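The values are calculated or read from the model by the stated rules, or taken from the named source; none is laboratory data. Model, not experiment: these values are computed from the prediction. Glycine gets a Cβ as well: all are built from the backbone with ideal geometry, and neighbour counts include every protein chain shown. Heads up: the accessible areas ignore ligands, DNA and RNA and are worked out on the full protein's heavy atoms, side chains in. Shrake-Rupley method; radii C 1.70, N 1.55, O 1.52, S 1.80 Å.
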Amino acid sequence: MKVALVGNPNSGKSTLFNALTGLHQKTGNFPGVTVDKKSGFAKLNEIVTAEFVDLPGTYSLYPKSLDERVAFEVLCNKENPDHPDVTIIVADASNLKRNLFLVSQIIDLKIPVILALNMMDMVEKEGDIIDAIRLSEKLGVKVLGLSARNKDGVEVLKQALLQPLSVPQYDFIDIKKIAPEAIEKVKTVVKVKSDFEAFQIVNNLSDISYLHNVELQIKITDALNTLIVDTNKLQSLESVERYKVINRIVEECITHKSAIKTESFTHKLDSVLTHRIWGYAIFLVVLFFIFQTIFFLASFPMEWIESLFVMISELASDVLPKGELSNLIVNGIIAGLSGVVVFVPQIALLFAFIAILEDTGYMARVSFIMDKLMRRFGLNGRSVIPLISGVACAVPAIMSARTISSWKERIITIFVTPLMSCSARLPVYTLLISLVVPQDKNLGFFNYQGLILMALYLIGFVAAIGAAWVLKWILKAKEKSYFIMELPVYRTPQWRTVGLTIYDKVKLFLFDAGKIIVAISIILWFLSAHAPGNKFEEIDKKYQEHSFRGDLNQNEMDAKIASEKLEVSYAGMLGKSIEPAIKPLGFDWKIGISLITSFAAREVFVGTMATIYSAGNTDNTQTIREKMQAEKNPDTGLPKYSIAVGFSLMIFYAFAMQCMSTLAVVYRETKSWKWPTVQFFFMGLLAYVSSFIVYQLLK
């Protein structure tokens, strides 16, 4: 048996999916489109096993955006491989009126459905009563109450799936009354299950992919040719008719605790958090708190991890026999690994805060208040979710832009999202900030390091909306968009969900990004530990002469030999080949090597620097930060990583498109190399020019 789950965003659909399927899940894409698909299996009894398909969250079945199109076509097209035997509509019972719009459309598709009223525990807590029996009679479908978070009613739902289900008994609204001739003409050409499906074909013929048969489209177009169809007017009339019936049903089936409902805790909190002035101020305070906490709390485990890797490195140097293999293990693999693992505490803290903000419902408020700001820059309110998600990772953030129905706003969102500071930039920022900004510098209660980290995130946001504003005037499109967002009630975060999010993201960082970082570290070790001809031998021979040894002690001489060997190595040659181009930004050939390697992924910068500063260096008692801090500018004798170099490098990483995965997903979402190519060169130019200005002003 195949069962589809459909519902509004924030209705608890995915929570119910997890409760039904547990660990028996798999992920992928719906056939033909890059929309996430989650499916899983559950035993309904000893004989019957059901496959559950979690459809994208949607407020309606207007097949305009990719998510809406997937939901509509899976439910209507019998040939679709995910077409279900039964559909479970998940509705937030604490906000039933809004959810009933989608419910009413699915009922009119005339397919077997069960309405699952989720969050019934919240309804009972509020003191409201929903008459499920009467609601079932009014809708003509089976209605069940449950609480997916507590798993209450989930077993009853499974048992209901075993009972025979018929199609809804009657139409929710008489859709034929709105466009009688058009519906009849479509039905003469296409075999449809209901008048509502025919109505959708009238309104959205070009957006329904299973009707992309040219011959069929011509037949339908010819059939409708003699009619004047105003799609906006038809959809507007449909909405009015549906809400007339919904209002009546809500009045008959829901009893509130008192006639004059007292203002709820959620409404009181929203009056402050979504205030046109205080809402923005509170959001900035929340960001302040997050970035200050990341720097303060993460510093302790980071020091422990650094000390641990120094110990491992020393131990490996002492135990392993001297030679190429031990050099590879100590200066290639262990140095590369330390550059990855040390940033796990900061990654974990960042995602913990994001998960808590999402789970409490605050992130939805942020989207709401930012919507007004976004529209001035050519973005849709739905663009806020990709932009905020971009703070974690641009790849899923860009994929979430497919909920935007307007082509122009979707392209702008995809184009500017990589400018938001993602978590891959965090290791680069924190390493550079710790190099050039003293830890004990404070501005009142706030630490300078945390303030600068927050400023870098804000710079990314300002660059994103600035680029969006420019694109707003360049790109031309006639279509208009709309933004509907339901604000969920505030809830205590589910700590298990927060824990799972941290686990997933850290695992992704360690095993996906980590694999690339360690692989590149090993390649770099080879390039930095070898040189053409006998250049290394010549350097060794040179320092055996007394005139070159001078007054240097053994450690100083070892460091000088290591430095000269690195300079003539293959890696040094690579870095020096681009040094003339990056010198105006304050970068030398060592940084140049890191710029090249981190085009694969930004976080590779840290592993690369760790490998470069470990190459040929026999001193394994220093951390990468200490080694970089000790680096001197050969021209001035001052620290190499001055404020000018540090900030120039941070600004370069804030803007440059150094992520192959992001470019790949932009290509996949836009189906064209044009946009990732333009994006790559635009961000590269922005990074170069900004970095140049910053270095020239601060040096």
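These residues, Glu545, Glu306, go from largest to smallest accessible area, 1.4 Å probe, as Glu545, Glu306. Counting heavy atoms of the protein chains alone, His83 has an accessible area of about 40 Å² for a 1.4 Å probe. Angle between the Cα long axis of helix 407-416 and the longest principal axis of the chain, 0 to 90 degrees, nearest 10? That helix lies at roughly 20 degrees to the long axis.
For the chain, the carbon plus sulfur part of the accessible surface works out to 61%, probe radius 1.4 Å. Angle of helix 425-436 to the longest C-alpha principal axis of the chain, folded into 0 to 90 degrees and rounded to 10: 40°.
Distant-in-sequence amide contacts of Phe52, defined by a placed amide H-H separation under 5 Å and a gap of 5 or more residues or a different chain, comprise Val3, Gly40, Phe41, Ala42. Put simply, when 134-145, 42-53 are sorted by average Cβ atoms within 10 angstrom per residue, most first, you get 134-145, 42-53. How large is the helix-only mean residue ellipticity at 222 nm for the chain, computed as the sum of -39500 (n - 2.57) over DSSP H runs with n ≥ 4, divided by its residue count, in deg cm²/dmol to the nearest 500? Result for the chain: -18500 deg cm²/dmol, rounded to the nearest 500.
Rounded to the nearest whole Hz, the Karplus-based 3J(HN,Hα) values (6.51 cos²θ - 1.76 cosθ + 1.60, θ = phi - 60°) of segment 8-15 follow the sequence 5, x, 6, 8, x, 4, 5, 5, with x at glycine and proline.
If you take all other residues with their beta carbon under 13 Å from the beta carbon of Thr274, and give Lys and Arg +1 and Asp and Glu -1, the sum is +2. With protein chains left intact and a 1.4 Å probe, residues in segment 76-155 average 38 Å² of accessible area per residue.
Take each of the peptides 560-567, 209-216, 592-599, 155-162, average the number of other beta-carbon atoms within 10 Å over its residues, and list them starting from the highest.
The peptides rank, most packed first, as 592-599, 560-567, 155-162, 209-216.
Compared with the direct C-alpha span, the chain from Arg668 to Trp278 gains 136.5 nm at full extension, assuming 0.36 nm per residue.
Ordered by solvent-accessible area of protein heavy atoms (1.4 Å probe), largest first, the residues Cys76, Cys393 come out as Cys393, Cys76.
You can think of it this way: the chain between Lys151 and Asn45 has 36.4 nm of extra reach, that is 0.36 nm per residue less the Cα-Cα gap. The angle between the Cα long axis of helix 554-568 and the main principal axis of the chain comes to about 60°, on a 0 to 90 degree scale. In terms of the mean number of neighbouring beta-carbon atoms within 10 Å, the peptides 314-321, 626-633 order highest first as 626-633, 314-321.
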